[in-house]
Structure formats: C-alpha cells, structure tokens
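To keep things clear, I will list the structure first and then write my remarks on it.
The values are calculated or read from the model by the stated rules, or taken from the named source; none is laboratory data. Since the model is a prediction, treat every value here as computed from it, not as a measurement. Positions of Cβ are generated from backbone atoms using ideal geometry, with glycine treated the same way; all protein chains shown enter the neighbour counts. Heavy atoms of the whole protein, side chains included, go into the accessibility calculation; ligands, DNA and RNA do not. Shrake-Rupley method; radii C 1.70, N 1.55, O 1.52, S 1.80 Å.
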Amino acid sequence: MRGGQSLDKEAVSGPGGSSAEHEPTCLEERPKVTGPPAARPQLSSDGLRHAQVSLCQTRTQSPVCSPGDANWTAISSPDPMALTTAGTQPSLGEVAGIPLPATTVDNWHQIQGFEAQPDDLLICTYPKSGTTWIQEIVDLIEHSGDVDKCQRAAIQHRHPFLEWARPPQPSGVEKARAMPRPRVLRTHFPAQLLPPSFWESNCKFLYVARNAKDCLVSYYHFQRMNRTLPDPGTWDQYFETFISGKVAWGSWFEHVRGWWELRDNVQMLFLFYEDIKRDPKQEIQKVMKFMEKNLDGAVLDTIVQETTFEKMKANPMTNRSTAPKTILDQSISPFMRKGIVGDWKNHFTVAQNERFDEIYRQKMKGTSINFCTEL
Ligand SMILES: Nc1ncnc2c1ncn2[C@@H]1O[C@H](COP(=O)(O)OS(=O)(=O)O)[C@@H](OP(=O)(O)O)[C@H]1O
C-alpha cells in the first residue's frame, strides 16, 4: 500500500462484476476479407502510408528524437545491452499514436510485411495479462501434455514475439519465418497494428484479457525490473501514465475493447485471466477445442498441474530466470511475481480506486465486456 488508505475486500468492488457472463456485442455482418473492419482503415497494406511512425524519448531524455538524432543511433545500436550499459533510459517510439518499444518502431516495415499463414495461431495479449501462462498451456496442448518437450527452450523462445527486434539477434519476424508450420506466435499489438496478412489469412487468435487494475500493478512491477522499458517512476506517477495510455503497447482500454469487438468477426477464442485462475480445467478445455486437439482426461489433468503459478514459478523454462539480469533484474521484482487476482487492493488508494472506476466507466462505455477484479 502506498500513498494513502489501502482497500479491503469489503470496501471496494471493481468495475464490471463477475466474469462468468461475457455478453456478445452487436456486430455487423462478417466482411468478405476477414479482419478488423473498424481497425484496418487506419493502416494501409504496408502499414505505413497512413500510420505515423515516430520515435520519442520518455522520462529522463529530451522529449523528441527522430531518425537523424543521436538517440536514434543509440536505439538502433547492434548491442542490445548498449542502452543499459551506457546508462541511457530505454525509450518508446510511436506508431499511429500507439507507444511501442523504439526497436519495434525501427523494424516496422519488416513487421508489417510479415506473411501470416492460414494455420498460424496467434496469442494476443495486453502486457501482463497472462501471456506466459497461456503460452505454456498452448505448448503443452500442442505436445499432448509431454512435459519434456516443453522443456526444449525457455518460453520466450518457443513462440516468436512478432514485434521483437533487438539486432543482432534475429527478430521475431525472422524467427517466425524460420519456424516449421503450424506456428504458434505471440504479440501484444492492439488489433489495428497487426500485420494485415493475419486478417487476410483468416488465422486463429487466442486473446487473453486481465482486469485493468491487476494489469496496472503487474506492469508497474515489471517496468521496475525490465531494463528495456522506461523506468516507471513512483507508483503514483505510473498510475497516471497507465491510465493515460502512455505505456508500451498503449491504452489497456483501447486494446481490450478493440480485440473484444472483433471476436465474432474472426476465428478468436477470448479468455479471461481470472477465469483461468478460477477454473483452469474448464478454460484449458476451451483452448484444446479451439486448437482442435482431443486429449484425454489424464493429459488434461497434467496440463492443469503443470501450469499452476507455483509450478511455473519454479520452472526455469517459464520463470524467465534464463534472461540476463541486464534485461530482467529479478532481484527487484520476480517475473512470476504473485499470480493472483486482486493484488490491486494492496496498491490502489481509495481515491485512486474511485478515479479509476470513473475512468473505466467512461472508456469502456457501450462495451459488453465484464471483468472480475476479485475471486
Ligand atoms: N501460471 C500462472 N498463474 C497465474 N498467474 C501467472 C501464471 N504465470 C504467469 N502469471 C502472471 O502473469 C503475469 C505476467 O504476465 P505476462 O506473462 O503476460 O507478462 S508479459 O507481458 O509477457 O511480460 C504476472 O502477474 P503478476 O504476478 O500479477 O505480476 C505473472 O505472475
């Protein structure tokens, strides 16, 4: 608890209530070319003609930089450690108004030109929503519960991260291209920034959403320990940064709304972190069905057991302990931090909670999505 009165279970109820019912929204008829009709017009097929791509510094640096500036050179450095070893703050760039890691912006042409294949499965999440968790679940399903096969590599290397670009390492796009099909890929992009080939190829999307308050808390601690993202500042400062959407991958509200509103127009399974926490077996069964995998009850039980928070926290292939300290400093905050629903109550003041609820009501007005913020 910081900066004021803490919140207890009785005193506060979060926006939305139970996640048990997720009412469908009224959607227009499915268009011939599958894709996000509301989102696509913003970007052309090369993703750039209408998109404004720019780099800007955050926090400790001067407010703006451009490809010609010294900071741009630093961002494009072939040494991925250069940013931290030089003591320079990592920066965010921007595409179509969405803040993104500068290295992603730098690689925008390659990312937008990515050729999705019809049998690709794309895991889509806002940061800190359970990406690693669903990746492990998907990997175990794909490998029919074979735990040893899922030890083949650290989780961040098993499913290429589309927007990853840290030369001289291969980019996410290059890793995906080199991967045998069918591929499982992942992204944090909001729907409108996805390479167009995903819509054109009618790929499968597995979206996991987590309630905004716990996302904020998790993201705050992640930015404290992740040396590739800007320093979050104090809790109070970060609270403002998050609600104004000035974090990498942009506004939680727009991200979740954008993907939610598409869910009936494309092949999408939309899951909630809180539902997986409450009834992992049921949610894993949904993923199995979506992946068209028919596994028996014993395998399903194995997958449930192998993907508990405790198991994944102890597993070096899922707990990010293989990432160098210069990237993720887990002595500041572990990657597998708490893995619970409702930790926001240990962070939000009463005033922050009231303000957040009001902002939530405004920004999520008209959407049918329901989140649960405590179990
Ligand atoms: N198995 C399992 N059960 C419950 N919770 C889990 C699990 N695995 C990861 N987590 C929690 O998910 C949070 C990290 O989210 P992401 O994996 O999306 O992070 S990232 O965006 O890929 O960096 C982070 O949440 P917090 O603990 O609240 O910070 C992780 O602890």
Check: Among rounded, prolate and oblate, which fits the range 90-136 when a ≥ b ≥ c are the square roots of the eigenvalues of its C-alpha gyration tensor, a/c under 1.5 means rounded, and a/b larger than b/c means prolate?
Finding: oblate
Checklist line | Cα-projected label distance for residue 231 with residue 375, points at 7 Å along beta-carbon direction, nm | finding: 3.5 nm
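Ignoring ligands, DNA and RNA, what percent of the 1.4 Å accessible area of the range 125-185 is carbon and sulfur?
Working: 1280 of 2250 Å².
That share works out to 57 percent.
Taking a ≥ b ≥ c as the square roots of the Cα gyration tensor eigenvalues, with a/c under 1.5 meaning rounded and otherwise prolate when a/b beats b/c, else oblate, which class fits the range 241-375? Walk me through the intermediate numbers first.
Values: a/c = 1.83, a/b = 1.18, b/c = 1.56.
Cα axes put the range 241-375 in the oblate bin.
Do any of 149/289; 128/175; 311/363; 175/325 go past 27 Å between their Cα atoms, and which?
From the list (149/289; 128/175; 311/363; 175/325), the Cα-Cα distance tops 27 Å for 311/363.
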Note to self: Per-residue counts of other Cβ atoms within 10 Å, averaged by peptide: what ranking do you get for 127-137, 108-118, 253-263, highest first?
What the structure shows: 127-137, 253-263, 108-118
Check: What is the range 335-375 by shape, rounded, prolate or oblate, if you read a ≥ b ≥ c off the alpha carbon gyration tensor as root eigenvalues and call it rounded for a/c under 1.5, prolate for a/b larger than b/c, and oblate otherwise?
Finding: oblate
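What accessible area per residue comes out for the range 204-336, rounded to a whole number of Å², with a 1.4 Å probe?
Numbers: 4980 Å² over 133 residues.
Each residue of the range 204-336 exposes 37 Å² on average to a 1.4 Å probe.
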Next item on the list: Provide the gained length on full extension for the span residue 282 to residue 267, in nm with one decimal, where the gain is 0.36 nm per separating residue minus the Cα-Cα distance.
Entry: 3.4 nm
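With the full set of protein chains in place, find how many percent of the accessible area of the range 266-375 is carbon and sulfur; take the probe as 1.4 Å. Please list the in-between numbers first.
Values: 2690 of 5200 Å².
So the carbon and sulfur contribution to the accessible surface is 52 percent.
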